[in-house]
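Worksheet: one structure, shown below.
Here, each number is a calculation from the coordinates, and none is a lab measurement. Computed from a predicted model, the values in this text were never measured in an experiment. All Cβ positions, glycine included, derive from the backbone under ideal geometry; neighbour counts span all protein chains shown.
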Amino acid sequence: MDLVNLVETIVKSLVIHKDSVSVKEFPTEEENTMLIQVIVAEEDIGRVIGKEGRTANAIRTLVQASSFLADNKYIKIDIDKF
C-alpha cells in the first residue's frame with residue numbers, strides 16, 4: 001500500500017472536515033528517508049495529534065511498520081494546520 005494513501009486514510013477517519021485534509025510526500029536530503037506532510041483544518045488539529053501526541057505517535061508507528069514491510073524507508077510525518 002502507498003504510504004501517503006495510508007496516512008490520508010487514517011487522518012480522514014479522524015477529522016470532521018475531510019475535504020480539507022492534504023497529504024503530500026516530499027523528498028529529503030537524507031538517504032532512505034521520506035517526509036510526509038499532513039495539513040488539516042485548525043478545528044481538527046487536536047483530533048489528529050491527540051492527548052500528549054498519542055494519536056500522532058500511533059499514526060507514525062503504523063506508517064513506519066508498513067514502510068519496513070514494503071521498502072524499508074524511515075518515515076517522518078509533519079502535522080500542521082492551515
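Scanning the range 1-17 for residues that are under 17 Å from Asp80 (Cβ atoms) and in a helix (DSSP H, G or I) yields Val4, Val7, Glu8, Ile10, Val11, Lys12, Leu14.
Restricting attention to the range 3-27, the residues being of a type in the set (Val, Ile, Thr), surrounded by fewer than 12 Cβ atoms within 10 Å (Cβ to Cβ) and under 15 Å from Asp71 (Cβ atoms) number 0.
Among the candidates Thr61, Thr55, which residue alone is out of contact with any Cys (no Cβ under 7 Å at 6 or more places or on another chain), surrounded by fewer than 16 Cβ atoms within 10 Å (Cβ to Cβ) and more than 14 Å from Asp80 (Cβ to Cβ)? Just a single option satisfies the conditions, and that option is Thr61.
Looking at Val23, Val38 in this structure, which one is under 14 Å from Asp80 (Cα atoms), in a strand (DSSP E or B) and either touching a residue at least 40 places away in the same chain (Cβ under 8 Å) or not β-branched (Val, Ile, Thr) (or both)? Even if it seems obvious, please write down each step before you answer.
Working: Val23 fails: either touching a residue at least 40 places away in the same chain (Cβ under 8 Å) or not β-branched (Val, Ile, Thr) (or both).
Within the list Val23, Val38, the selection yields Val38.
Count of the range 30-82 residues, restricted to those that are within 14 Å of Val11 (Cβ to Cβ) and touching a Pro at 6+ places or on another chain (Cβ under 9 Å), is 0.
Please go through the range 64-82 and pick out each residue that is within 13 Å of the chain's Cα centre (by Cα), under 17 Å from Pro27 (Cβ atoms) and not in a strand (DSSP E or B). Once the filter is applied, which keeps residues that are within 13 Å of the chain's Cα centre (by Cα), under 17 Å from Pro27 (Cβ atoms) and not in a strand (DSSP E or B), the range 64-82 yields only Ser67.
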